[in-house]
Every structure is written in C-alpha cells, then in structure tokens.
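Taking it in order: structure first as structure tokens, then the write-up.
None of the figures in this text is laboratory data; all of them are computed from the coordinates on show. All of these numbers come straight from a predicted model, not from anything done at the bench. So basically every Cβ, Gly included, is an ideal-geometry build from the backbone, and we count neighbours across all protein chains shown.
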Amino acid sequence: MRRNGVLGGDSKSAGSGVHRAPSERSSPLDPLLSKPRLSSTVLCAVLGTLMLAASLVIYFLSVHTLFGQEFDEVVWEGFYPLFTKKIPYLAFLPNLFTTEGFIISLICVLGLAGFVWAMARKKFGLALQMFCFAVVAGVSSTLWKHLTSRPDLLSKAHVLNTSPSGHSTAMLIACLLLLMGSAPSSRAWIVVLDWILASILGISLVVERWHRPSDVVTAFFFVSSIGLYSMIFTRKSRMDDPGKRRSRPWLQVLCTLMIVLSAFGLAWGFYLVFQVSPGVQFDALWIQAPACLAASLIISSSAMLGIGLFGMMHQLTSSPLSPVGLIGPPPKPRSQRRRKREEVKEREQRIKIG
C-alpha cells in the first residue's frame, strides 16, 4: 500500500529519470511551499478592503463636505509660515522634497532598486507581481483623480481636484516595490526607511502648498489597499525560497509596533480635528497650530499604518513557516543513468584496490 502512495510515486519518478522541481515534488507533503495559508490570504483581502474604505471616507469628508474643505484651507494657508517659524532648521526638507527633479529621481531609484533586487534573487514571478501592482495602483489613482470633480463649497477654495495626490501615490508605490523586492533579512530596516521617506514627502507637499493634507492621506490609504490586494496573488516563485524562511522577529515586532503607534497617532490627530472644529468656520487664528499638528499626525500615521500592514502581510504570505520551509525540501532522487555511472566507478575502484 505504501508503494502506491507517496513513496511509490517517488521511486517511480526516480527509476524513470524524470525529476520535478523541489516545490512541485514536495507540495503534496507541504502545500505551504507553493501558496500561503488561506487565513493570510483572507486577511489580506479584509485589510485591503478596510484601507480602501478608509481612503473613500477621507476623500468624501474632505472634498464633499464644507467642514472638510474649510479644514484643508486652514492647513493650506497656515502650514508654511508656521513650519518655517517653529522649526526653521528643517525648512530645507520641504524645499528639497518638492524639487521636481529630486523627487522624480528618488521615486525612480526606489522603484528600480526593488525590481533589480527581485531579479538578482531570480524572483521573476515576483517582479511580474510588482509590475502589475505598480500599474494598477498608478492607473487607478490617476483615473480617480481626473474623472472626479471637486465641488466649490467655498468661494476661496481651489476648484481643481487634487485628490488623491499623484506624488504621494508614486512615492508609496516605489517604497512598497522596494519592500517587495528586498531580501528577507533586509525588510525590517526597509520598512523604517519607507515610512520616513513617505512621511517627509507627504508633509513637504502640504507645507509647500502642492497638495492639501487630505490628498496625501487619501493616496496613502488607497495605495496601501492595492498593495494588500496584490498580496492575495502570492504564489510559488513569488515566495521566499524553502530552507530560507524564518520568523523574522525584528520585522514582526517592528510592524506590530508601527500598527499600534499609527492607530494612536490617527486617534490623536482626529481628536485634534474634533477639538478645533468650532473655530474652523470662523478662520480663528488659534486653530492654525493644532490643525497643522493634526494634519502632520494623520499624514505620518497613515503612511506608518499602510507600510506596517503591508510589511506584516508580505512576511505572512511570502514566508509561511513550515518544517520543509525552514529546513528546505528533500534532495532530488538519483536518476538511473547517474546511478549506473556511480556503480561503474565503484567497480573500477574495487578492481584497482584488488
């Protein structure tokens, strides 16, 4: 009975000289070699839907309500003078991150580095997944921005629709591409680097009056949702190699900490928005500082939440832990031709010794 089962199939393939790939040969014994756990896939879909819903809610409240447009206008007018007055030693950052040549170069370098890293690891399926994610996120964000209109609820409001922010979309796409293509041992520090770059860019766009704060937050939530959806299609060659999968405690702790801190940051930011809401419609001067602080908290926390969730789900889908995944697949069975060659060599050695 055992010969007709798994053992019988292995001996048959060994005798015929037909070798299958390690992942294909071991997948009946360990299905986690070729696909992640179903719970991880479902969690990607659920979290992606929540992030997409958050981007739609932020967009509606900030673009299609009077309070949202008034709050954006307060931050739009007051952030630059307040920033240059309170922290003048950091004034070079908004200027640098709103230089067209610098930001385009930075985005291209991050995105290409992710692709090159994936190709160097011979993860061609992962490179295709990264390309599809970048195209879907970029095209859908552009269509959203240009096919929707911004109602003029304020006489002083800028009628041109700028949500979601194109620069923020491109930056977060590039950051997630770098994280997707990176080696497992490098993901922890890349998560931190991605958050720093995305946060600086998002705040700089608001300080230099390129975008409203809601434009940046909407873009961050939207790109994060597309990235989480892309993790659903992680299969086979897009996963980490068997034998090299580890739990990565530093990455797990870091992503968990980022998710928790971002939740507190968003709660604090929206609480400040609630506190300044009575003075928004009157353009009171006292609300400028807390409104700008709230915008900064929400922008940086939305970037932290999206990158933290993406890093966590990328680890779960690309490196599910299993015995074979930790120690590697069993060795290939010897072919009949190789076995005969080894037998001939053994006979020759015995003849020489005799």
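Fully extended, how many nm does the chain gain between Lys236 and Leu112 (0.36 nm per residue separation, minus their Cα-Cα distance)?
42.4 nm
Report the extension gain between Lys85 and Phe274 in nm, rounded to one decimal, defined as 0.36 nm multiplied by the number of residues separating them, less their alpha carbon distance. All intermediate terms of the calculation are to be shown ahead of the outcome.
On the way: separation 189, 0.36 × 189 = 68.04 nm, distance 2.51 nm.
Going from the current span to full extension adds 65.5 nm.
Taking the Cα centre of segment 36-318 as origin, sum charge times position over the Cβ atoms of Lys and Arg (+1) and Asp and Glu (-1), and report the length of that vector in debye to the nearest 20. Intermediate values should be presented prior to the final figure.
Details: 19 positive and 12 negative charges, 278 e Å.
The dipole magnitude comes to about 1340 debye.
Would you count, across segment 36-318, every pair of lysines whose alpha carbons are under 24 angstrom apart, provided the pair is eight or more residues apart or spans two chains?
Working: Lys122/Lys236; Lys122/Lys244; Lys123/Lys236; Lys123/Lys244; Lys145/Lys156; Lys236/Lys244.
So the count works out to 6.
If you take the beta carbon distance between Val57 and Thr142 as r and set R0 to 22 Å, what does 1/(1 + (r/R0)^6) give as a FRET efficiency, to the nearest 0.05?
For Val57 and Thr142, the calculated efficiency is 0.60.
Please rank Arg248, Arg212, Arg339, fewest neighbouring Cβ atoms within 10 Å first, as an exposure proxy. Mind dumping the intermediate values first?
Values: Arg248 19, Arg212 27, Arg339 14.
Lowest count first: Arg339, Arg248, Arg212.
Could you point to the residue in Leu309, Trp144, Phe97 farthest towards the positive end of segment 36-318's charge dipole, with +1 and -1 charges on the Cβ of Lys/Arg and Asp/Glu respectively?
Leu309
Fewest to most neighbouring Cβ within 10 Å: what's the order for Met130, Met180?
Working: Met130 24, Met180 29.
Ranking Met130, Met180 by Cβ neighbours within 10 Å, fewest first, gives Met130, Met180.
Less than 15 Å Cβ to Cβ from Ile107, Lys/Arg counted +1 and Asp/Glu -1: what total charge do the surrounding residues give?
Numbers: positive: none; negative: Glu100, Asp194.
That works out to -2.
Given a cut-off of under 8 Å on Cα pairs at least six residues apart, what relative contact order in percent is computed for segment 36-318? Please list the in-between numbers first.
Working: 399 pairs, mean separation 89.7, N = 283.
Relative contact order here is 32 percent.
Which of Leu193, Leu38, Leu126 comes first, and how do the rest follow, when ranked by fewest Cβ neighbours within 10 Å?
Details: Leu193 16, Leu38 9, Leu126 24.
Going from least to most buried by this count: Leu38, Leu193, Leu126.
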